[in-house]
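Structure record follows, encoded as structure tokens.
The values are calculated or read from the model by the stated rules, or taken from the named source; none is laboratory data. All figures in this text were calculated on a predicted structure; none of them were measured in a lab. Note that each Cβ is placed from the backbone with ideal geometry, even for glycine, and that neighbours are counted across all protein chains shown. Note: areas computed on protein heavy atoms with side chains; ligands, DNA, RNA excluded. Shrake-Rupley method; radii C 1.70, N 1.55, O 1.52, S 1.80 Å.
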4 protein chains.
Amino acid sequence: MTTKQPEDGLGRWPIAHEINVQWGDMDALGHVNNLVYLRWFENARIHYFEALGLRAAMDARTEGPILARQEIDYKIPVSYPERVRVATTVTRLGNTSFTVAFRIVRATTQELVAEGAGVMVMVEYATGRKLPLSDELRRAVLAFEARAG
Amino acid sequence: MTTKQPEDGLGRWPIAHEINVQWGDMDALGHVNNLVYLRWFENARIHYFEALGLRAAMDARTEGPILARQEIDYKIPVSYPERVRVATTVTRLGNTSFTVAFRIVRATTQELVAEGAGVMVMVEYATGRKLPLSDELRRAVLAFEARAG
Amino acid sequence: MTTKQPEDGLGRWPIAHEINVQWGDMDALGHVNNLVYLRWFENARIHYFEALGLRAAMDARTEGPILARQEIDYKIPVSYPERVRVATTVTRLGNTSFTVAFRIVRATTQELVAEGAGVMVMVEYATGRKLPLSDELRRAVLAFEARAG
Amino acid sequence: MTTKQPEDGLGRWPIAHEINVQWGDMDALGHVNNLVYLRWFENARIHYFEALGLRAAMDARTEGPILARQEIDYKIPVSYPERVRVATTVTRLGNTSFTVAFRIVRATTQELVAEGAGVMVMVEYATGRKLPLSDELRRAVLAFEARAG
């Protein structure tokens with residue numbers, strides 16, 4: 001999934017933010033626990049969609065994207081204290097789902113810490129029924145990715 | 001708060017359950033992290049109120065208890081693998097709030113691991129307005145505590 | 001990764017355990033958060049390797065398996081209260097790495113909740129250097145999987 | 001504990017930092033979960049002691065402060081998105097323990113969100129034996145608090 005080529009106009013990494021590793025993110029091996037990276041990815045996905053300005057429907061809690069799949073490759077362990085940079089991009093816009101990729105690097109050296117992707121499916125929350133991606137969403141994603149060009 | 005005498009008919013520890021420490025509960029010092037004990041307490045409070053059979057109003061999400069205060073004393077550190085026993089009791093029934101105490105012991109040796117208490121306030125979720133404890137709740141708590149006698 | 005055929009003598013799901021969903025496992029959408037499933041998988045992996053009786057080296061903290069990759073497919077959302085069953089199996093034994101697959105089902109109905117896999121790499125903790133899987137580990141895994149036959 | 005007057009030269013709130021609430025910090029009631037505030041406090045304590053420049057002994061993992069008790073009062077619920085400010089101060093320097101107080105406010109309006117305190121005991125990690133606070137630590141804390149005057 002992560003190695004596929006992004007579709008036209010996608011995969012341009014339009015957004016990134018930096019995070020300070022917290023002491024409590026470490027597990028008993030003294031490294032950031034494997035779950036923490038996926039919490040960072042969760043936040044990064046949310047930031048991406050907030051940046052699109054499409055939170056109205058999600059706030060109404062009637063419909064929105066849910067995570068159907070995710071995968072992650074861990075490259076180098078990190079520990080507290082450390083600062084990482086998490087970048088995200090949409091690489092695919094399907095009929096009822098889309099793919100978001102992420103890359104986590106050391107903020108200082110840009111060394112790759114972890115990378116992966118998630119598949120989000122648009123659903124009606126009350127029923128779990130899949131919904132087609134709206135044209136508004138498609139246009140907003142393409143416009144946002146284009147800004148990174 | 002934890003050292004106060006419980007009110008009449010309360011403080012009888014009517015319920016307890018056992019929990020296996022998870023590897024991921026440990027932090028970088030190799031001990032169960034301080035937050036985990038309060039997650040156990042959160043679960044124990046919920047089990048207590050489920051045992052009362054009063055979940056109807058909470059499920060409706062219109063009103064219910066929220067945590068206004070908590071305190072905990074850590075006695076001995078525990079690590080994975082370990083099994084602990086968490087007991088809870090209501091020690092006070094006020095006008096709009098009540099106090100739940102908890103004790104965590106090693107399941108094998110009964111050594112005291114941690115103890116503490118939380119103050120729950122009954123509120124209307126939408127507004128945050130405090131509500132008087134219902135007579136139904138008072139009766140249910142007293143009956144449940146009496147069973148432990 | 002999850003869809004590949006297991007190697008000979010592997011993929012027999014020799015171990016499973018049941019878990020009660022905790023109230024605090026839910027996120028603001030009222031479902032168990034995506035990270036929690038991977039915490040369950042973390043525990044399940046550890047239980048698998050404890051069942052092999054090979055904890056000596058890991059306790060010594062000189063060498064052991066670290067997670068290099070994981071992937072998960074979420075099938076149906078679950079909420080508190082619910083009981084799930086997590087089964088694990090080793091599906092591949094490579095030179096310096098091995099693959100552990102997991103399946104999470106509703107304990108009552110056996111409906112598939114989530115499934116996935118992780119790649120563990122054997123390393124010397126101090127240096128991060130990859131180590132060959134020991135013959136002892138290979139034999140122990142094959143014997144453990146055979147028991148499930 | 002939180003209401004006691006700080007000792008001379010202490011309780012001056014020399015350090016604070018701001019934190020963005022994360023979406024995943026919320027629980028099923030749609031508010032930041034009660035544990036998250038104590039994770040913020042954990043980080044704030046660590047920042048305080050890093051600011052003292054005394055990490056040498058802790059890095060060596062031979063001795064350091066462990067949490068013996070904590071208490072927290074929750075004043076108003078917060079939700080994602082929100083930015084909070086966490087301030088800490090040492091209010092007491094005992095023989096083998098000291099007390100750290102914290103206050104969490106909305107970064108925008110300064111409304112009090114939560115406040116509390118923790119008692120840290122200095123121990124030798126290997127044995128759990130209590131150690132007297134070093135003169136170096138006392139001087140460093142007093143100098144750091146004085147800076148806030």
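Looking at D:74, D:48, which is the one that is farther than 19 Å from residue A:22 by Cα and among the aromatic types (Phe, Trp, Tyr)?
Criteria check complete, one pass: D:74.
Out of curiosity, is residue B:144 touching a helix residue (DSSP H, G or I) at 6+ places or on another chain (Cβ under 7 Å) and either open to solvent by 20 Å² or more (accessible area, probe 1.4 Å) or over 30 Å from residue B:30 (Cβ atoms) (or both)?
Working: touching a helix residue (DSSP H, G or I) at 6+ places or on another chain (Cβ under 7 Å): yes; either open to solvent by 20 Å² or more (accessible area, probe 1.4 Å) or over 30 Å from residue B:30 (Cβ atoms) (or both): yes.
Taking the combined requirement at face value, the residue satisfies it.
Checking residue C:114 against (1) in contact with a Ser or Thr (Cβ under 7 Å, 6 or more places away or on another chain); (2) part of a strand (DSSP E or B), which test does it fail?
Going through (1) in contact with a Ser or Thr (Cβ under 7 Å, 6 or more places away or on another chain); (2) part of a strand (DSSP E or B) one by one, residue C:114 breaks only (1).
Considering only residues that are acidic (Asp, Glu) and either surrounded by fewer than 20 Cβ atoms within 10 Å (Cβ to Cβ) or in a loop (DSSP other than H, G, I, E, B) (or both), look in segment B:1-31 and name the one that is modelled with the lowest pLDDT. Quick ask: steps written out before the conclusion?
Narrowing segment B:1-31 to residues acidic (Asp, Glu): B:7-8, B:18, B:25, B:27.
Then drop every residue that is not either surrounded by fewer than 20 Cβ atoms within 10 Å (Cβ to Cβ) or in a loop (DSSP other than H, G, I, E, B) (or both), which leaves B:7-8, B:18, B:27.
Details: B:7: 86, B:8: 89, B:18: 96, B:27: 95.
Looking at residues that are acidic (Asp, Glu) and either surrounded by fewer than 20 Cβ atoms within 10 Å (Cβ to Cβ) or in a loop (DSSP other than H, G, I, E, B) (or both), I get B:7.
If a residue has to be within 14 Å of chain C (Cβ to nearest Cβ) and of a type in the set (Phe, Trp, Tyr) to count, how many in segment A:101-149 make the cut?
Residues in segment A:101-149 being within 14 Å of chain C (Cβ to nearest Cβ) and of a type in the set (Phe, Trp, Tyr): 2 in total.
Would segment A:72-86 turn up any residue that is more than 25 Å from residue A:11 (Cβ to Cβ), assigned to a loop (DSSP other than H, G, I, E, B), open to solvent by 40 Å² or more (accessible area, probe 1.4 Å) and touching a residue at least 60 places away in the same chain (Cβ under 8 Å)?
Yes, segment A:72-86 contains at least one residue that is more than 25 Å from residue A:11 (Cβ to Cβ), assigned to a loop (DSSP other than H, G, I, E, B), open to solvent by 40 Å² or more (accessible area, probe 1.4 Å) and touching a residue at least 60 places away in the same chain (Cβ under 8 Å).
Exactly one of these conditions fails for residue D:43: (1) open to solvent by less than 20 Å² (accessible area, probe 1.4 Å); (2) assigned to a strand (DSSP E or B). Give me its number.
(2)
Is it fair to say residue C:36 is open to solvent by less than 30 Å² (accessible area, probe 1.4 Å) and in a loop (DSSP other than H, G, I, E, B)?
Considered against the rule, which asks whether it is open to solvent by less than 30 Å² (accessible area, probe 1.4 Å) and in a loop (DSSP other than H, G, I, E, B), residue C:36 comes out as no.
Please state which of the following conditions residue D:108 fails to meet, knowing it meets all the rest: (1) open to solvent by less than 40 Å² (accessible area, probe 1.4 Å); (2) closer than 26 Å to residue A:47 by Cβ; (3) touching a residue at least 24 places away in the same chain (Cβ under 8 Å); (4) β-branched (Val, Ile, Thr).
Failing condition for residue D:108: (1).
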